[in-house]
1. Under Stokes-Einstein, with the Kirkwood radius over Cα pairs standing in for Rh, what whole-number D in µm²/s applies to the range A:84-186 at 4 °C and 1.567 mPa s?
2. Assume the label is 7 Å from Cα along Cα to beta carbon: what separations in nm does residue B:363 have to the matching positions in the other copies?
3. Equivalent ellipsoid semi-axes for the range A:299-364, as square roots of 5 times the alpha carbon gyration tensor eigenvalues: give them largest first, rounded to whole Å.
4. Over the Cα atoms of the range B:357-409, what radius of gyration and what Dmax do you get, in Å?
5. Out of B:133, B:37, B:311, any idea which swings most in a Gaussian network model of chain B, alpha carbons joined below 10 Å?
6. What FRET efficiency would be calculated for the residue pair residue B:141, residue A:142, taking the C-beta separation as r and a Förster radius of 25 Å, to the nearest 0.05?
7. Using only the Cα atoms of the range B:3-173, build the gyration tensor, take square roots of its eigenvalues as a ≥ b ≥ c, and label the shape rounded, prolate or oblate: rounded if a/c is under 1.5, else prolate if a/b is larger than b/c, else oblate.
8. How many Cβ atoms of partner chains, on average, are near each residue of B:63-70 if near means within 10 Å of its Cβ?
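Every read-out reported here was derived from the displayed coordinates using simple, explicitly stated rules and does not represent laboratory data. Keep in mind that what you see is a predicted model, and the values were worked out from it rather than measured. Note: ideal-geometry Cβ built from the backbone for every residue, glycine included; neighbour counts use all protein chains shown.
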């Protein structure tokens, strides 16, 4: 019997009516001859409400107690969904992460899943039950409740699908799939039938916030096919995320992402010595500032270098303090910053074999007089930092330039 | 170092402000040189809200899922109280029933506690932490979450106090102690300094709903001293519930309870044969109807008997159907019922040595023309069933007759 894993986000189980609708659908999938394991998030805004309540008591509580508190949200929705299934005469049982055998690292709030001990899930499936598991949580070696970070229910679903060797992991969400770019920016944006793990990872971490990046990483490691689809329009096929080798469609550019949440910092004219980069980024890492793009350029005669990098906008102040301090030590002539920038990225697994892509991008931007401030490339991605107020225009322009409005569905 | 167990009910932790106030107080008890373990109920109406939500999905869900759902209420309040303590720089940790080692029978919704494995609690105490444990729940042999019935947090507290051999179990609630009778009925009602387990049990199960009867039973078995006291007026001494032998005050009558939630059924003129009682009460038990008082009287010549008993008012209809059916089989001449009755009970451990108490009670009622419909006595209790509309008057009268308004505090 095929095993299918479903995951429903908070919006999909936000009200008793929605929970009942999910139950009817899950039952129909089971009645069609599948074993079904369902991973659920907390109902609607439950997690936020718990956090609001918490803030009235402790602005910054110990992460252990935070996990103890917020994990109740998923326990409530899991129990309710199991009840809703039973009301339809569909045998069902709800399990906490711990009961389901989800074992995590001993790190509160953002642990990784270490192991899934399947005994209990297997036993319940064997008894013909739909197994409903709380997403976003597990237990550590002490038996404490551990959450795996916000959005982590996607990762729970993929990890359980991998452990069960499930045929597919259906992630039901409030979008109908992955699009060539944000449809709010480009109205011709089209839904992709398939996308590779690598492309999805680049898009997910580039601001197209559809799937949690760790879930994609996990799916890629275990070769789990993810079907990202709409929880309300269930007849509609969504986007399949799978290995690149299995995909038919191999355009150079598959999607365009825009990330406005970045700021740029530059250390200019640093005497070029070994260890410069280590010094700057070591100091930033120590203060837990995440650095995204890094570009080092060399001035004439190889004696002076410029170092530019981007950080998330909220980290700019802290990052600048560090940059100024380190800049002084390194004898940089100037330390500058710009919060009004954004990052436009082309993503596509076919890029590696079509070397003209980058120049085509630069050319298109130049024709519209959009100045490029930084460039960074990988095998499947080209990112340009430009002025923030030109971001939307750049995405619209590039979407057309690369024919993404014409991708066959 | 003395070990003290505190228990706070839903009202006492109903808002973030109240949780902070409890934390300050718990910290002060710890700072005075005690190890403190705190058992908490769910905040205010959380449990009722969860049940309302549940009813929109499943009117009568599987008890396993019910337990999974409602147990989240205590988990939330426990985590929040631990956070509030930490905010005051008081080391603290919250534990679910399962983490605290509370092992129950494999019966959902109303299990009994079988065992408390103290390793985790002991370890946390040793590390100097205030341990906050969710009341009302444990886990069974499968690791499933089990609740021990509503009001069961009192029992959790006493069981944990017993396992820890705690010096005292302080139960903080919204009354200041146990009174000679309901102060809403008799304004001269006085708070008792001490009361024995047996008296408290009779009072608790007779409608003076202050403490869960099972918690008293458990305290009695393990000799745990309970201090029932006010969560808002913490300076005030409440009522100590302890072994009778340790008490100074031994009046015949210690308290008077009124229970309006009863109805009377009578099977009249039954041919007297062995097995009659077994037949009637066997049939009622099979349908899960709880029977309280039972009185069998014998008619002339020992050939015909009357059997009268009381049930809870909501069970009357079901009980009458059974009584009529069995009455027919037993050839009873008549089966009658009366919902408009109540039960007035005198409770006191000294009664056993003062045989005049019953006649004094009957006499007082007779003088006021209050007709007694049924009488039932035990070693420490005399109960009379009378008309419901005479209940209050009877309690006021008896409170005065037995001098309860003059008990020294």
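1. 86
2. 11.8
3. 31, 19, 10
4. 11.3, 35
5. For chain B, modelled as a Gaussian network with Cα springs under 10 Å, the answer is B:311.
6. 0.75
7. It comes out oblate by the Cα gyration axes.
8. Averaged over the peptide's residues, the number is 6.
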